[in-house]
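Engineer: The following block contains the structure, expressed as structure tokens.
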């Protein structure tokens, strides 16, 4: 509601007081509502209205009533794009160089958004908007992502009145880690009762909108709705997946051709555009065997079902606004945060927690996927399609998410706002960037970013408003230059030309080879002109340096993309770093917390010391569990015996199962994990009251962390197949200590060593 400041004269009594007030915060009369719908890892070609055969009727209707953009660009990765979208600034300047986990505490990688660049929610809150965030956040570093906070970089700390969703980058759609405002909450029903996160997020978005409509009907609202879709795992109800049975049996090569032809029919690519060749790391569909084709097609069916199901949820939100008469006075913005992802590797993955590599191929993954064919897309899978389908998803462009070639950075953008759009259903071709969206929304509303927000002096918006494009289809682009950088991959656009460099497979920046494209004439970035126009390339390289200096891009990460993404063994090169010791201590409480700040490939722990008391032999349950059925570890008591399991991707298990029964009374249980010198293996020893009861060796490890660690229970899905969740420990935990190596911050000298790690 409008905020007023008393400006009258105070008398001794109310009757003697001169009542005068000044309105200091109020939305403009008739100010539109704003809805940002953010999809994840969705390629340029994957929506029906951008060329695919996947059914997205609700999004297509938005496009038909609004505009599609075919020259819109992001940062190539999720956290950075979200930071740029919400702040209207370049992502390095906003403090988010890459995914939020790349937190070096340098100005360009803070682990949160720089308060000098307030979010759209904070800006609009200053203009009397109700603000709601639902879904993926991924803008607060892991050490802050616990139920105990700190909360200043969570949605409520960044201008939102309400929040329901998840904090991390990817989530199990059937067993998510959910927060309402700043409090960890349980999902409302189980997976076997029909739960799916996308439906839950939509339910909550609609509930918040209804609350707002009834409580403050005169106030405009800002809804930030960020689905986990279509990021892996590609989870969807079975009927949505089966709907696409057989529709991708022709393979990715034929699909790319069909989608490209459809793009030309729809006018989202020019008639003279070229389809880039299949990525050289992707096999020809004709060269695959029957089992590979069957499996890979099913992975794509799961993705299609996931997107189809998400479209239905988006339709529910749009229809709610339509029925309530709010839609036509709402600026609806729908976009993807980066191009389609190649993280499934060449073979796809039944469980991406196993680790991934674009260059690796693994017969074991194919056999495992075929063995679990009927589980793909369900709650017992954590699946991702092969890179060949990502290549198709980015039609007609090169490369993928993380790359600064067009396949990574050119993404769908749809805007619906009838008050300014006179040619609905049209396509806009002006070059623009995700940092240009919030400046456009503020211009359309008719408000400016305040000079000070929450006591912090603000830096100006860096984006160039694209609001003019709504009414001017033929206007020249007002965005003439934009740099790109993602994990060493770099590019710059200026005046219709683009220079790009693929740092993914080179060991030093000195080895990088730049490419040059005249994208004003070469829509799909298909003809490298570097040798033909060396002077233009040099000019753009210098421009990149200038823009990088201007917007705080430096220092660059010292490792190539592929080292960051890792191989089938996870992010192996990180294991050689040295980090300061950190100790966390807990008592007899059910306490979920995030331990990704503790470094070690075996879900980050070196020593677990538990002091417990048991009064009877039937007192059992989990002492500590980290992760879920897709990977993690658990230390528990079952059948009066102590047990430890390390679960790699739900496929490989390392056990300690002593046959001795535990004594009653006070027990000191110690789990020690040590890296075997000059190897990637770990030795694990389990002791009870000072005596070693069992040992094991973990030969394969994975850096990727699942849901929160839980004390005294396994909160999410079961880490061990021997029990069912939550398997609460019925004895007493007097003291439990977790001692490990701190993952954050990554000190500069340690990062420098990472490049040369063995």
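No lab work stands behind these numbers, since they all come straight from the coordinates. Predicted, not measured: the structure shown is a model, and the values here were computed from it. Heads up, the Cβs are rebuilt from the backbone with ideal geometry, glycines too, and the neighbour counts pull from every protein chain shown.
Engineer: For the range 278-357 and the range 461-485, what is the separation of their Cα centres, given in Å?
Structural biologist: Measuring centre to centre over Cα atoms gives 28 Å.
Engineer: Also: Any idea what the relative contact order of the chain is, in percent, if you count C-alpha pairs under 8 Å spaced at least 6 apart?
Structural biologist: 16
Engineer: If you don't mind, there's one more thing I want to ask. Using only C-alpha atoms and all pairs of different ones, pull out the Kirkwood radius for the range 272-366 in Å with one decimal.
Structural biologist: 16.8
Engineer: Hey, another quick one. For the range 229-348, what's the relative contact order in percent, using C-alpha pairs closer than 8 Å and at least 6 residues apart?
Structural biologist: So the answer I get is 44 percent.
Engineer: Quick one: Kirkwood hydrodynamic radius for the chain, alpha-carbon pairs, angstrom, one decimal?
Structural biologist: Taking every pair of different Cα atoms in the chain, averaging 1/r and inverting gives 27.0 Å.
Engineer: log10 I(q)/I(0), Debye, Cα-only the range 33-479, no solvent, q = 0.06, 0.07, 0.09, 0.13 Å⁻¹?
Structural biologist: One equal scatterer on each Cα of the range 33-479 leads to -0.23, -0.31, -0.53, -1.16.
Engineer: Explain nothing, just the number: relative contact order of the range 71-180, from Cα pairs under 8 Å at least 6 residues apart, as a whole percent.
Structural biologist: Once divided by the residue count of the range 71-180, the mean separation gives 21 percent.
Engineer: Now for a different question. Given the C-alpha centroids of the range 1-43 and the range 173-202, what is the distance between them in whole angstrom?
Structural biologist: Centre-to-centre (Cα) distance: 34 Å.
Engineer: Then there is this: If I take all pairs of Cα atoms in the range 482-557, what percentage of them are more than 17 Å from each other?
Structural biologist: Cα-Cα pairs of the range 482-557 separated by over 17 Å account for 42 percent.
Engineer: Would you give the gap between the C-alpha center of the range 495-555 and the C-alpha center of the range 218-265, rounded to a whole Å?
Structural biologist: About 31 Å separates the Cα centre of the range 495-555 from the one of the range 218-265.
Engineer: If I take all pairs of Cα atoms in the range 144-195, what percentage of them are more than 16 Å from each other?
Structural biologist: Result: 42 percent of Cα pairs exceed 16 Å.
Engineer: Computed FRET efficiency, Cβ-Cβ of residue 674 and residue 641, R0 22 Å: what is it to the nearest 0.05?
Structural biologist: E between residue 674 and residue 641, to the nearest 0.05, is 0.40.
Engineer: Before rounding to the nearest 500, sum -39500 (n - 2.57) across all DSSP H runs of length at least 4 in the chain and divide by the residue total; then give [θ] at 222 nm in deg cm²/dmol.
Structural biologist: So the calculated ellipticity at 222 nm is -6500 deg cm²/dmol.
Engineer: Right, next: Compute the length gained on full extension between residue 105 and residue 243: take 0.36 nm times their separation in residues and subtract their Cα-Cα distance, giving the result in nm to one decimal.
Structural biologist: In short, 45.0 nm is gained.
Engineer: Give the percent of DSSP beta bridges with both residues in the chain that are antiparallel, rounded to the nearest 5.
Structural biologist: 75
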